[in-house]
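Reviewing the structure listed below.
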Amino acid sequence: MSNHQEVPITRVLIGFASAHGSTKGVAVRIGEIIRAEGFDVDVREFDEIDSIDAYGAAILGSAIHSQKWLPLAADFIRANSTALTARPVWLFSVCSIGDSSSFFSERMARLMRRRRKEPSIISEVRSRLDPRDHRYFAGVIERSQWTVAGDLFLRLCGGTFGDHRDWPDIERWASGIATSLQNEPGSAQRA
């Protein structure tokens, strides 16, 4: 655990970048869980965040496309990495293969999880930010979002279209963050 906490935790920022709305849905649900534990929470797209000064903690996420966080998310992390070091930070990625669910068959998902590489922006800032956790969640995939070749690949790998978000897993993760925040020095919601 990091001991660089310097900013009191009264407000929590949930920042996100979403391409088709799936990541936004995850961010909103995380915000609801944290808010239900008594924290003041702002859920904002990265381009709507002017400053992180008012926030004592941050939960930041992005959709993954081509094995990378969206440029808006990566740019935000780079621009704010120094300020984020004074706060506990959690990261989440929304992609085809979450930690508990996937677009693909379970067998294919297990294989792909073993071969998965962390998004480059997270590797780039990991030593400075010292994130508490980085969690992968499967998102929503619609046929219209994939090419014909992508559709064929998905089917050959036993995959399906639709909403693959594992809401109980997302809620457990967010509840764990809320508990951790309540136990942080300077938390306004000390248990």
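The values are calculated or read from the model by the stated rules, or taken from the named source; none is laboratory data. Note that this is a predicted model, so its numbers are computed, not measured. Note that we place each Cβ from the backbone using ideal geometry, even for glycine, and neighbour counts take in every protein chain shown.
Here are the numbers for the structure shown:
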item: Exclusive hit being farther than 20 Å from Gly31 by Cα and in contact with an Asp or Glu (Cβ under 9 Å, 6 or more places away or on another chain), set Arg128, Arg78, Arg107, Arg116; result: Arg78
item: Failed criterion for Phe153 (all others in (1) modelled with pLDDT under 90; (2) under 16 Å from Ile97 (Cβ atoms); (3) surrounded by 14 or more Cβ atoms within 10 Å (Cβ to Cβ) hold); result: (3)
item: Flag if Ala109 is assigned to a helix (DSSP H, G or I), surrounded by 14 or more Cβ atoms within 10 Å (Cβ to Cβ), in contact (Cβ under 8 Å) with a residue 40 or more places away in the chain and among the aliphatic types (A, V, I, L, M); result: no
item: Any hit, region 157-178, residues being more than 16 Å from the chain's Cα centre (by Cα) and in a helix (DSSP H, G or I); result: no
item: Enumeration of residues in region 129-150 that are surrounded by 13 or more Cβ atoms within 10 Å (Cβ to Cβ) and part of a helix (DSSP H, G or I); result: Leu129, Gln145, Gly150
item: Qualifying residue in region 18-28 (condition: modelled with pLDDT under 95, part of a strand (DSSP E or B) and in contact with a Lys or Arg (Cβ under 9 Å, 6 or more places away or on another chain)); result: no
item: Filter result for Glu118 (assigned to a helix (DSSP H, G or I) and among the charged types (D, E, K, R)); result: no
item: Long-range neighbours under 7 Å by Cβ, at least six apart or interchain, first residue surrounded by 15 or more Cβ atoms within 10 Å (Cβ to Cβ) within region 70-87, second among the basic types (Lys, Arg); result: Ser81/Arg128; Thr85/Arg128
item: Residue match in region 67-77 (condition: in a strand (DSSP E or B) and either closer than 16 Å to Trp173 by Cα or out of contact with any His (no Cβ under 9 Å at 6 or more places or on another chain) (or both)); result: yes
